[in-house]
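The values are calculated or read from the model by the stated rules, or taken from the named source; none is laboratory data. All values reported here derive from a predicted model rather than from experimental measurement. Here the Cβ is made from the backbone with ideal geometry for all residues, glycine too, and neighbour counts use every protein chain on show.
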Amino acid sequence: MRVIRTVLAEDGALLREGLAALLDRFGFQVVAAVGDAEALVAAVGEHNPDLVVTDIRMPPGFTDEGLRAIVRLRQDRPELPVVALSQYVETSYASDLLDSGGGVGVGYLLKDRVGDVHEFLAILHRVAAGETVVDPQVVRKLLKRSSTPLATLTNREREVLGLVAEGYSNAAIAARLVVTEAAVNKHIGNIFTKLGFAPGEDRNRRVLATLTYLRDRAQP
Amino acid sequence: MTSVFGVASSKPEAAIGVIAPRCRIGGGENSTSAPLTTVFVVAVRTIWEAMARRRFLLTSWPWRGLSYVLSTPLVSLLVGMAVAAMCLPWFYLASRFLRAQPTAPAETVLVGLMGLVVLVAGGPLVAVPVARLERLRLRLVDADPVSPPVVATVGSRLGRLRRRYTEPATWRELAYLVVVTLAALPSAAIVLTLAMAVALIAGPLLVEPESPLALGFGQVRTVAEAAPFALVGAVSIPVTLYLVAGLAGLHATAARALLSGADERLRSELVEVSRSRERLVTAFEVERRRIERDLHDGAQQRLVGLILQLGLAKVEMPPDAPGTGSVANAHDQAKLLLTELREFIHGIHPQALSDLGLPSALQELADRSAIAVTVECTIPQRPSAAVEGAGYFVVAEALSNAGKHSGATEIRVAATVRQGVLTVEVTDNGRGGADARHGSGLTGLADRAAALGGTLSLSSPVGGPTTVRAEFPCG
């Protein structure tokens, strides 16, 4: 497996060092570990990494500096894979991220996930490979909102869409729901039809469905 | 209302906040419930009260009234001279008109305006010291001292002067100049009346056959002739003294109304109290944010670091090593603790509120509710943190109450900022009959709203719907 060159941004020194050690130990190469958004932008410009892992809330304002930095970075490099970590679930952060660079190669996770080492590393790999992963909590929250156009979906279809949005493959969804992959394919086909996505490149439609999902919320 | 009876304090500022009659005879049916400090006295504080008593003429009050009325023309003279000096430009204009001298319209306007400027600029300079003198003189006929208006004592000299000119009290003092000038006329008339009465009484002593006395109604030559006039004089003295007291009373009432700063003092203290209450609420909000930030950047970060280390340890330990179970257990507990800490921090101050504002924070609240909630927000620009916080917690409390008691299936949350007022409204389709008094946190929130100058109302007829509505000025 090729080494994934990673830029890490996290203002808490303890956590930053812990994460850097973890990544270095499991086949990533942390080329820069920085403590604020400005340094993050500079480090990405300097190292041209394969992956960015950043905290959303960072100095100086301690609101969403990290998020804004990666949205800016992805304007220049839309394919730059990024994983944003957040202490709390905020759906608008997720949709901002998914709006950037066509929603490819994006991860939005609660910080808690770093503790489940294997799963966390697997997510980093998937995002680095261009997949989109959204924290299940975000998905769960959004599922509760019952407004158009998701209102036309059946419960099972919503469940499947939720897993799609979380970044699972069809096979993984089938395994989780204990159904055949063919059944999952059928559900996904129905979802795409109901949401009005023409048949085409599969991953694009998956991203579009995820985006619909995330945008389907009361206007803030 | 508890009324306070007793000796009117010689320091009126000590009685601020208590609505007490300025002078009353103590007692009454609720005297048993009166505070312990109640003192029962019978005291006359003003010349009006003195006049109402039978032995008025035997007290010092007529003479106090007389000295007041006698000294008025002196003040009037001084004031009149100063005012006349200030009106010189106008007198000049008037004289030009009276003498039919041609005057250019521009000159008329210019001189007229100059007169106005001199009066407006110079008036307070005369009015303020006169008011000070008159407050002292008022003590002759009114035992309660008149508290002067609050004068700005801080700030630059220029700032103090500017405030002096913009205070209504200054212009009331200026109006008093007119009162005191006009009071000269009745005062002088009464003084003359009194002098005449004295002259009539003195008639029999002064009269001599060879030098007749002119007493207004004719001439008298003998003591016998002068005696009826002396009688008239003697009778008219008490009447005149009552007139004197009446005039003094009228003048004193006008003086107290125009020169007293007590209302303003109360008002300004009230303003200060509400400001400090608002500051407290704002400080409270700032403190909550600080605690939230400290916990977030301190404890929460460290806990995530700990979870990471424990996760790493779990991965690195061989599955059959001793202690694997304990590490896994510790890992799970730390994760649970992080979830609890996050909830705790959220309760202190939701991060979404400070980071993203009300719409996101309300949507997040809605997402947490077990009942279906729709959120509509029209907030063109963010209100202050204190107002945002108060609005947020009203919605949070209303949602939690609706979740617990209403049996509702749908809740609507609306937040709007219109014309400098933030309105938040939470309506559910539940069974209604909610009572703000019974343990709901709405009472505390109403206090918080009031401190920010806002209001909170609850409408919950039996059978529903229940609407909680709060409004906050956020200009």
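Do we have B:Ala366 as buried (at least 20 other Cβ atoms within 10 Å of the Cβ), assigned to a helix (DSSP H, G or I) and within 27 Å of the chain's Cα centre (by Cα) here? Lay out the reasoning, then the answer.
Values: buried (at least 20 other Cβ atoms within 10 Å of the Cβ): yes; assigned to a helix (DSSP H, G or I): yes; within 27 Å of the chain's Cα centre (by Cα): no.
No; evaluated as a whole, the condition is false for this residue.
Out of the residues in the stretch B:398-436 that are closer than 22 Å to B:Gly463 by Cβ and of a type in the set (Val, Ile, Thr), which is nearest to the chain's Cα centre (by Cα)? Only one residue tops the list, namely B:Val426.
Among B:Leu258, B:Leu295, B:Leu266, B:Leu270, which is the only one that is hydrophobic (A, V, I, L, M, F, W, C), assigned to a helix (DSSP H, G or I) and modelled with pLDDT of 85 or more? Reasoning before the result, please.
Details: B:Leu258 fails: modelled with pLDDT of 85 or more; B:Leu266 fails: modelled with pLDDT of 85 or more; B:Leu270 fails: modelled with pLDDT of 85 or more.
Being hydrophobic (A, V, I, L, M, F, W, C), assigned to a helix (DSSP H, G or I) and modelled with pLDDT of 85 or more holds for just one of B:Leu258, B:Leu295, B:Leu266, B:Leu270, which is B:Leu295.
Might you let me know whether the stretch B:442-462 holds any residue that is modelled with pLDDT of 85 or more, more than 28 Å from the chain's Cα centre (by Cα), surrounded by fewer than 19 Cβ atoms within 10 Å (Cβ to Cβ) and closer than 24 Å to B:Gln351 by Cα? No, the stretch B:442-462 has no match at all. Scanning the stretch A:79-86 turns up no residue that is facing chain B (nearest Cβ under 10 Å), more than 16 Å from the chain's Cα centre (by Cα) and within 24 Å of B:Ile345 (Cα to Cα). For the stretch A:99-119, the set of residues classified as surrounded by 23 or more Cβ atoms within 10 Å (Cβ to Cβ) and of a type in the set (A, V, I, L, M, F, W, C) consists of A:Val106, A:Leu109, A:Val114, listed by residue number. From the set of residues in the stretch A:1-13 that are in contact (Cβ under 8 Å) with a residue 40 or more places away in the chain and either over 20 Å from the mean Cα position of the chain (by Cα) or part of a strand (DSSP E or B) (or both), which is nearest to the other protein chains (Cβ to nearest Cβ)? In this case the residue turns out to be A:Gly12. Checking the structure you have, find out if any residue of the stretch B:228-238 is surrounded by fewer than 14 Cβ atoms within 10 Å (Cβ to Cβ) and touching a helix residue (DSSP H, G or I) at 6+ places or on another chain (Cβ under 6 Å). Yes, the stretch B:228-238 contains a residue that is surrounded by fewer than 14 Cβ atoms within 10 Å (Cβ to Cβ) and touching a helix residue (DSSP H, G or I) at 6+ places or on another chain (Cβ under 6 Å). When A:Arg16 is tested against (1) of a type in the set (D, E, K, R); (2) more than 10 Å from chain B (Cβ to nearest Cβ); (3) assigned to a helix (DSSP H, G or I), exactly one condition is not met: (2).
Take the conditions (1) within 14 Å of chain B (Cβ to nearest Cβ); (2) on the phi > 0 side of the Ramachandran plot; (3) in contact with a strand residue (DSSP E or B) (Cβ under 7 Å, 6 or more places away or on another chain); A:Leu110 misses just one of them, which is (2).
Check whether at least one residue in the stretch B:321-335 is without any contact (Cβ under 8 Å) to a residue 60 or more places away in the chain, more than 23 Å from B:Pro350 (Cα to Cα) and at the interface with chain A (Cβ under 9 Å from one of its Cβ atoms), and report yes or no. Checked against the condition, which is being without any contact (Cβ under 8 Å) to a residue 60 or more places away in the chain, more than 23 Å from B:Pro350 (Cα to Cα) and at the interface with chain A (Cβ under 9 Å from one of its Cβ atoms), the stretch B:321-335 yields at least one hit.
Does the stretch A:184-193 contain at least one residue that is closer than 23 Å to A:Asp99 by Cβ, more than 14 Å from chain B (Cβ to nearest Cβ) and at pLDDT below 70? Checking the stretch A:184-193: not a single residue is closer than 23 Å to A:Asp99 by Cβ, more than 14 Å from chain B (Cβ to nearest Cβ) and at pLDDT below 70.
Taking the stated definitions as given, is B:Leu310 in contact with a His (Cβ under 7 Å, 6 or more places away or on another chain), modelled with pLDDT of 90 or more, within 8 Å of chain A (Cβ to nearest Cβ) and surrounded by fewer than 22 Cβ atoms within 10 Å (Cβ to Cβ)? Yes. Listed conditions (1) away from chain B (no Cβ under 14 Å); (2) on the phi < 0 side of the Ramachandran plot; (3) assigned to a helix (DSSP H, G or I) are all met by A:Gly101, apart from (2). Only one of (1) more than 27 Å from the chain's Cα centre (by Cα); (2) crowded, with 17+ Cβ neighbours inside 10 Å; (3) modelled with pLDDT of 75 or more fails for B:Ala199. Which number is that? Only one criterion in (1) more than 27 Å from the chain's Cα centre (by Cα); (2) crowded, with 17+ Cβ neighbours inside 10 Å; (3) modelled with pLDDT of 75 or more is unmet by B:Ala199, namely (2).
In the stretch A:19-51, of all residues being in a helix (DSSP H, G or I) and of a type in the set (D, E, K, R), the one that is nearest to the other protein chains (Cβ to nearest Cβ) corresponds to A:Arg25.
Being more than 9 Å from every other protein chain (Cβ to nearest Cβ), in contact with a helix residue (DSSP H, G or I) (Cβ under 7 Å, 6 or more places away or on another chain), of a type outside the set (Gly, Ala, Ser) and touching a residue at least 12 places away in the same chain (Cβ under 8 Å) is a description that applies to B:Glu278. Sort out which residues of the stretch A:52-80 are on the phi < 0 side of the Ramachandran plot and in a loop (DSSP other than H, G, I, E, B), and write them in order of number. Once the filter is applied, which keeps residues that are on the phi < 0 side of the Ramachandran plot and in a loop (DSSP other than H, G, I, E, B), the stretch A:52-80 yields A:Ile56, A:Arg57, A:Met58, A:Pro59, A:Pro60, A:Gly61, A:Thr63, A:Asp64, A:Arg77, A:Pro78, A:Glu79, A:Leu80. Residues that are exposed (fewer than 15 other Cβ atoms within 10 Å of the Cβ) and not in a strand (DSSP E or B) were ranked within the stretch B:213-227; the one that is modelled with the highest pLDDT is B:Ala227.
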